[in-house]
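Some notes on the structure that comes next.
The values are calculated or read from the model by the stated rules, or taken from the named source; none is laboratory data. Note that the structure is predicted; figures quoted are calculated from it, not measured. Don't worry about glycine lacking a Cβ; one is built from the backbone with ideal geometry, like all the others, and counts go over all protein chains shown.
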Amino acid sequence: MQTLDAAFSALSDPTRRAILARLAEGEATVMELVEPFEMTQPAISRHLKVLENAGLIVRRLEGTKRPARLAKAGIEPIDQWLGMLRDALAKNYDRLDKVLADMTERKDTR
Amino acid sequence: MTTMAKLTLTTEADKYVVVKRHFAAPPEAVYRAHTEPELIQKWLLGPDGWTMPVCISEARRNGKFRYEWTNAKGHGFHVTGEYLELEPFSRIVHVERMFLPDPTPDNHVETRFDPDGDGTLMTIRMTLPDAETRARMLATGMERGMEASYVRLEGII
């Protein structure tokens, strides 16, 4: 759960979510992220650091650049977790569908 | 009616969680199913295997509610809360916290029941004290209906 905590904490920032959305399209360097986000290089670097620490992205060395890309291993548990939350809720509401069907069929019982 | 996605669960800004679901019943029925104990007990159970032996719901302004869940192994947990605003049959505002066994931070919840074709579009907007709490809540699945799956998932039971 430690990993998920860090991941959700990292995801609580809209800029970082937007960076992830951008990286979902493919690898990008800090400079490539500076432009669309209209932020300074240090600001982008800080966000990348948080994402990296949370295991959501990985970076490789390419000369002086460190391009970032999504870390499948970090993203998948979140996907699965949100999927499970949806499933639990979905189960409740499927049950509620039946309760409601009963209620509307026998409208005069209460 | 079956073409629309049944359930959406999204985060908004830094401390909101929004859940939407369509029901093929009028707002009055959906509202009652959220406020009348004998109806709540039939569906607010999370994954299979759990029951709600205690369901208190004082559906009035400043009324309290308390839901207790248990499974065949005798494990359980509960949620308490207060109704802040009730507008039959369109809107409920309440706060709740879950005991695991320590209480989680208060979750402020607005639930709307809007007419949607022949049925109802229910929109639940949860407001957590801050982004950290929301992150924790999502990570621990404390939201109503998610509790049991969390408990099971974490091997607490």
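Working carefully through the options B:Thr120, B:Thr51, B:Thr111, B:Thr104, find the one that is within 23 Å of A:Asp87 (Cα to Cα), surrounded by fewer than 16 Cβ atoms within 10 Å (Cβ to Cβ) and not basic (Lys, Arg). Within the list B:Thr120, B:Thr51, B:Thr111, B:Thr104, the selection yields B:Thr51. The residues on offer are A:Leu48, A:Leu85, A:Leu89, and the sole one that is crowded, with 18+ Cβ neighbours inside 10 Å, modelled with pLDDT of 95 or more and not in a strand (DSSP E or B) is A:Leu48.
Of all residues in the range B:83-98, exactly one satisfies the criterion of being over 22 Å from B:Ala25 (Cβ atoms) and in contact with a helix residue (DSSP H, G or I) (Cβ under 9 Å, 6 or more places away or on another chain), namely B:Met98. Of the strands (runs of 3 or more DSSP E) lying entirely inside the range B:12-103, those containing at least 2 residues that are among the charged types (D, E, K, R), under 21 Å from B:Thr123 (Cα atoms) and modelled with pLDDT of 95 or more are B:76-87.
Beta carbons closer than 9 Å, at least 6 apart along the sequence or on distinct chains, pair a first residue in the range A:9-23 that is facing chain B (nearest Cβ under 8 Å) with a second that is of a type in the set (A, V, I, L, M, F, W, C) and not in a helix (DSSP H, G or I) for A:Ser9/A:Ala54; A:Leu11/A:Ala54; A:Leu11/A:Leu56; A:Pro14/B:Ala13. Set side by side, the residues B:Lys6, B:Lys15, B:Lys20, B:Lys73 differ, and just one is over 15 Å from B:Glu110 (Cα atoms) and touching a residue at least 40 places away in the same chain (Cβ under 8 Å), which is B:Lys73. For B:Ile56, the criteria (1) under 25 Å from A:Glu105 (Cα atoms); (2) surrounded by fewer than 16 Cβ atoms within 10 Å (Cβ to Cβ); (3) not small (Gly, Ala, Ser) hold in every case but one, which is (1). Looking at this structure, is B:Glu82 under 14 Å from the mean Cα position of the chain (by Cα) and more than 14 Å from chain A (Cβ to nearest Cβ)? Yes, satisfied. The residues of the range B:24-68 that are away from chain A (no Cβ under 12 Å), among the hydrophobic types (A, V, I, L, M, F, W, C) and either touching a residue at least 60 places away in the same chain (Cβ under 8 Å) or touching a Gly at 6+ places or on another chain (Cβ under 7 Å) (or both) amount to a single one, B:Phe65. Restricting to the range A:51-74, what's the tally of residues that are surrounded by 15 or more Cβ atoms within 10 Å (Cβ to Cβ) and without any contact (Cβ under 8 Å) to a residue 24 or more places away in the chain? Qualifying residue count, the range A:51-74: 4.
Residues in the range B:123-151 that are aliphatic (A, V, I, L, M), modelled with pLDDT of 75 or more and farther than 17 Å from A:Asp87 by Cβ: B:Met126 alone.
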